[in-house]
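The values are calculated or read from the model by the stated rules, or taken from the named source; none is laboratory data. What you are looking at is a predicted structure, and each value in this text was computed from that prediction instead of being measured. For neighbour counting, all protein chains shown are included, and Cβ atoms are generated from backbone atoms with ideal geometry for every residue, glycine included. Quick note on the areas: whole protein, heavy atoms, side chains included, nothing else; ligands and nucleic acids left out. Shrake-Rupley method; radii C 1.70, N 1.55, O 1.52, S 1.80 Å.
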There are 2 protein chains.
Amino acid sequence: MRELGAGIVVIGNEILSGKTVDSNSSFLARELRQLGVTLKRITVIPDELDVIAETVRDFHQKFDIVFTSGGVGPTHDDITIEGVARALGRQVIVHPLLESKIREYLTDRPVNSAHLKMAEVPEGAELLMDDRLRFPTIKLENIYILPGIPEILQQKFLALKDRFSVDPYYLKIIYTNEIESTIAVHLNETLHEYPDLLLGSYPKIGNDEYRVKLTLESKDKNYVERAFAHLLNLLPQGCVVKTEG
Amino acid sequence: MRELGAGIVVIGNEILSGKTVDSNSSFLARELRQLGVTLKRITVIPDELDVIAETVRDFHQKFDIVFTSGGVGPTHDDITIEGVARALGRQVIVHPLLESKIREYLTDRPVNSAHLKMAEVPEGAELLMDDRLRFPTIKLENIYILPGIPEILQQKFLALKDRFSVDPYYLKIIYTNEIESTIAVHLNETLHEYPDLLLGSYPKIGNDEYRVKLTLESKDKNYVERAFAHLLNLLPQGCVVKTEG
């Protein structure tokens with residue numbers, strides 16, 4: 001089965017200082033899961049060149065796909081392009097195509113250095129065009145550079161997503177009204193029989209409907225169905241509130 | 001001025017797989033900022049022992065305070081205690097005080113190995129008691145081990161927070177109806193005069209009230225006020241919608 005592992009680097013002091021809640025990583029997490037891509041790491045780092053370069057280099061080496069979010073505007077704190085370039089030992093250049101797109105877009109205004117900053121890319125970067133986008137997405141090797149503004153990040157990701165499709169995960173869910181520590185032994189037993197099962201156990205406080213949500217997943221549909229039947233059979237009678245999937 | 005840098009390690013496949021949205025790191029980010037603590041890193045990692053150990057060791061060395069969130073329940077995927085112990089080369093032991101508290105709590109049920117798992121701590125850990133909590137918080141050196149369930153994490157953090165208070169940040173905000181690339185030059189000019197200013201520029205799409213929110217911060221109140229006056233004076237006439245702080 002084709003496997004892809006991904007990492008997300010969120011760049012922005014506004015998130016670390018609690019001014020903004022990052023919604024981009026949870027959006028990407030859901031989208032990647034639907035595509036069958038395994039998200040392995042999310043990290044939120046400050047607008048500091050050394051930290052960006054070091055983190056992006058690390059992710060570039062560890063994961064098949066890397067997304068950066070944030071730090072691509074025209075101001076002093078937008079240093080992602082420079083950070084990604086430094087991560088891979090590249091120069092920053094002004095891309096002629098981006099420059100012409102920006103001049104076209106700003107047809108009625110004088111173009112200043114802040115505008116032209118947005119035409120910068122790491123040397124060797126590809127521009128991924130799409131009819132649905134006003135500006136292309138910048139890609140350097142396995143790194144996709146996305147903006148921090150959620151609406152634009154989402155547009156850009158949706159235009160890219162077809163290239164990441166791999167084998168999907170199959171998910172089954174069991175909701176129980178028993179407490180976690182009582183059913184833990186059955187979870188362990190199931191994992192012993194089905195060691196490749198992705199099994200999650202999530203207690204919910206103050207919920208009338210259930211106490212623990214159990215998630216069973218695999219890229220092998222038959223495997224997850226057998227594990228599901230096995231666990232259902234082990235759980236104490238009457239403790240299953242409902243199942244899904 | 002007393003400075004403290006913090007890192008948050010969020011442990012949980014449920015977040016990386018998009019099943020759950022992490023609200024703990026944004027809660028901690030806001031709380032730490034109010035205390036004057038500088039949050040330097042958030043990372044979300046899977047329930048994998050090696051990754052937990054490596055990440056916690058790295059954060060333990062880099063930051064003054066480390067919080068972990070998640071992976072402390074009774075089930076197979078709750079391996080944070082073991083990961084933190086491994087990060088610092090410690091054994092995992094059953095803490096007698098925790099064991100007695102768990103037996104007390106479960107007075108009417110048989111105690112199984114899953115229950116006793118929750119009495120485990122890394123050797124040398126401190127238990128931080130508080131009248132407001134049913135169970136103490138486990139601390140190993142500069143690492144505070146917090147649960148993933150938001151309600152309990154919040155209770156535990158609020159009981160701890162007094163120990164982290166340092167000099168606060170002073171924040172002033174300017175909302176403008178000018179686009180970011182036009183005012184970028186004034187931001188750069190202000191940073192040139194006030195190089196220690198923490199200056200953020202956040203465009204908002206589809207907002208009638210303003211186009212860019214500018215945040216000016218410093219732990220030196222007088223400094224941020226002078227920088228604020230300087231920037232207001234530079235901005236094009238009529239572009240400031242309102243100010244705060």
Item to complete: Would you please calculate the Kirkwood hydrodynamic radius of region A:5-164 over all C-alpha pairs and express it in Å, rounded to one decimal?
Response: 15.9
Practice prompt. Consider a paramagnetic label point 7 Å from the Cα of B:Met129 along Cα→Cβ; state which residues of region B:80-122 have an amide N under 16 Å from it.
Written response: B:95-105
Practice prompt. In debye, nearest 20, what is the charge dipole magnitude of the protein assembly as shown about its Cα centre with +1 on Lys and Arg Cβ and -1 on Asp and Glu Cβ, if you could check?
Written response: 420
Worksheet entry | Compactness index (Cα Rg / 2.2 N^0.38 Å), region A:25-115 | 1.30
Practice prompt. Determine the shape class of region B:147-245: with a ≥ b ≥ c the square roots of the Cα gyration tensor eigenvalues, call it rounded for a/c under 1.5, and otherwise prolate if a/b is greater than b/c, oblate otherwise.
Written response: oblate
Fill in: Alpha-carbon radius of gyration plus Dmax, which is the widest Cα pair, for region B:1-57 in Å
12.9, 42
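How large is Rg over Rh for the protein assembly as shown, taking Rg from the Cα atoms and Rh as the Kirkwood inverse mean of 1/r across Cα pairs?
Numbers: Rg = 24.5 Å, Rh = 24.5 Å.
That ratio is 1.00, to two decimals.
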Worksheet item: Which angle from 0 to 90°, rounded to the nearest 10, does the C-alpha axis of helix B:49-62 make with the longest principal axis of chain B?
Response: 50
Worksheet item: Among B:Leu214, B:Ile138, B:Thr176, whose Cα sits farthest toward the positive end of the charge dipole of region B:103-214 (+1 at Cβ of Lys/Arg, -1 at Cβ of Asp/Glu, about the Cα centre)?
Response: B:Ile138
Practice prompt. Return a single number: how many Lys pairs in chain A, at a sequence separation of 8 or more or on separate chains, have alpha-carbon atoms below 14 angstrom apart.
Written response: 10
Worksheet entry | Modelled label reach - B:Ala229, point 7 Å along Cα→Cβ, region B:173-205 residues with backbone N closer than 15 Å | B:194
Item to complete: Determine the percent antiparallel among the DSSP beta bridges restricted to region A:5-164, to the nearest 5.
Response: 35
Discussion item. Compute the angle between helix B:180-193 and the longest alpha-carbon principal axis of chain B, please, reported from 0 to 90 degrees and rounded to the nearest 10.
Written reply: 80
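B:Ile205 to B:Ser23: extension gain in nm, 0.36 nm per residue of separation minus the Cα-Cα distance?
Details: separation 182, 0.36 × 182 = 65.52 nm, distance 2.37 nm.
Contour length minus Cα-Cα distance gives 63.2 nm.
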Worksheet entry | Accessible area of region B:170-244 belonging to carbon and sulfur atoms, whole % at 1.4 Å probe | 45
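Restricting to the protein assembly as shown, what percent of DSSP beta bridges are antiparallel, rounded to 5? Display every interim value, and only then the final one.
Details: 55 of 87 bridges.
Expressed as a percentage, antiparallel bridges in the protein assembly as shown total about 65.
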Practice prompt. Would you calculate a helix-derived [θ] at 222 nm for chain B, using -39,500 (n - 2.57) for each DSSP H run of n ≥ 4 and dividing by the full residue count, to the nearest 500?
Written response: -11000 deg cm²/dmol
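What translational D, rounded to a whole number of µm²/s, comes out for region A:172-225 from Stokes-Einstein when the hydrodynamic radius is the Kirkwood one over Cα pairs, at 10 °C and 1.306 mPa s? Please list the in-between numbers first.
Values: Rh = 11.7 Å.
My calculation gives 136 µm²/s for D.
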Worksheet, complete the sentence: So the angle from the long Cα axis of helix B:96-105 to the longest Cα principal axis of chain B, reported in degrees to the nearest 10, equals 90
